[in-house]
Amino acid sequence: MLELRNAEACYGKAQALHQVALAVRPGQVTALVGRNGAGKSTTLKTLMGQMRLAGGSRWLDGQDVSTLAPEQLSRRGVALVPEDRQIFAGLSAEENLQLATVSHGAGPWTLERVYTLFPRLRERRSAQGTSLSGGEQQMLAIARALMTHPRYLLLDEPTEGLAPVIVEQIVAAIAEIRTAGMGIVLVEQNLHVPRQLADHYVLLDSGRITWRGGRDDVGDALEDMLSGLSGH
Ligand code: ATP
């Protein structure tokens, strides 16, 4: 299990997270929802060790890993796919994937396995990573994270701005890796994608958790809270 207990995080003097408690178990999807600026990306960065904990703690499989750096958490099986994807310029799609192998070695994820998960990437493997479409770049970013052999995958708005047909392909891929035992934290601003995947929901507002529930608890109330918060 990957977990934050009463996490606090700050940008300078501005506190972005207050007492955030959240967990994800192997083979489960925890959806982290909330409007722009609620602190969703900050929560993922705190899970990944990219944000220092100003209070509270981070736990991985029963061990306190509060002080570990992102590289150390990566070696222990945590991977983050950031919102901006961070595809390396000047490298082909396949070279982007191979870089992860250089840093993390062989393991359960191979080029063949990620190409089976995302057949489109096999077709586009020789193209410059940065020349891929938005949807292809998102697939590449997820595939590259998988090549680090994570047990926990943190996804920051993986379907934002993508065409519905691509969204469905990415949802299907996330469902497949969940079935393979991955613990997934899925950040989204709305409920469309989480509704298809999530076991648990956490609603963030102004850096605080204001609601949490299971898939059976999600109804119009959460929908209203989200649309009310985002001002629609
Ligand atoms: P979005 O969907 O826009 O990414 P979010 O829910 O992920 O929103 P965060 O990006 O975590 O929200 O931002 C939480 C708060 O921290 C916001 O008030 C934001 O302005 C602030 N913040 C985020 N990044 C920084 C930064 N690098 N420096 C200062 N403040 C920041």
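The values are calculated or read from the model by the stated rules, or taken from the named source; none is laboratory data. Given the structure is predicted, the values throughout are model-derived calculations rather than measurements. In this analysis, Cβ positions are derived from the backbone assuming ideal geometry, glycine residues included, and neighbour counts consider all displayed protein chains. With ligands, DNA and RNA removed, areas are computed over all heavy atoms of the protein, side chains included. Shrake-Rupley method; radii C 1.70, N 1.55, O 1.52, S 1.80 Å.
Filtering segment 120-138 to residues that are open to solvent by 10 Å² or more (accessible area, probe 1.4 Å), without any contact (Cβ under 8 Å) to a residue 40 or more places away in the chain and under 21 Å from the mean Cα position of the chain (by Cα) leaves Ser133, Gly134. Residues that are among the basic types (Lys, Arg) and open to solvent by less than 90 Å² (accessible area, probe 1.4 Å) within segment 58-79 comprise just one, Arg58. Within segment 139-147, is there a residue that is β-branched (Val, Ile, Thr) and surrounded by fewer than 20 Cβ atoms within 10 Å (Cβ to Cβ)? No, the conditions are met nowhere in segment 139-147. Close contacts from segment 9-38, counting a first residue that is open to solvent by 10 Å² or more (accessible area, probe 1.4 Å) and within 8 Å of the ligand (Cβ to nearest atom) and a second that is part of a strand (DSSP E or B) and of a type outside the set (Phe, Trp, Tyr), with Cβ to Cβ under 6 Å and a gap of 6+ residues or different chains, come to Ala16/Ala9.
Looking across segment 39-67, the residues that are touching a residue at least 40 places away in the same chain (Cβ under 8 Å) and either part of a helix (DSSP H, G or I) or within 12 Å of the ligand (Cβ to nearest atom) (or both) come down to Gly39, Lys40, Ser41, Thr42, Thr43, Leu44, Thr46, Leu47, Met51. Is it fair to say Gln169 is away from the ligand (no atom under 13 Å from the Cβ) and open to solvent by 10 Å² or more (accessible area, probe 1.4 Å)? In short, yes. The residues in segment 191-207 that are in contact with a Leu (Cβ under 8 Å, 6 or more places away or on another chain) and within 16 Å of the ligand (Cβ to nearest atom) can be counted, and the count is 9.
The residues on offer are Val202, Val185, and the sole one that is farther than 18 Å from Val81 by Cα, open to solvent by less than 10 Å² (accessible area, probe 1.4 Å) and in contact with a strand residue (DSSP E or B) (Cβ under 7 Å, 6 or more places away or on another chain) is Val202. Of the residues making up segment 86-107, those that are open to solvent by less than 50 Å² (accessible area, probe 1.4 Å), in contact with a strand residue (DSSP E or B) (Cβ under 9 Å, 6 or more places away or on another chain) and not aliphatic (A, V, I, L, M) number 1. The condition of being in contact with a strand residue (DSSP E or B) (Cβ under 8 Å, 6 or more places away or on another chain) and open to solvent by 10 Å² or more (accessible area, probe 1.4 Å) holds for Val218.
Got a number for residues in segment 97-124 being touching a Phe, Trp or Tyr at 6+ places or on another chain (Cβ under 8 Å) and modelled with pLDDT under 95? Total meeting the criteria: 1.
Among the candidates Glu188, Glu136, the residue that is at negative phi and within 16 Å of the ligand (Cβ to nearest atom) is uniquely Glu188.
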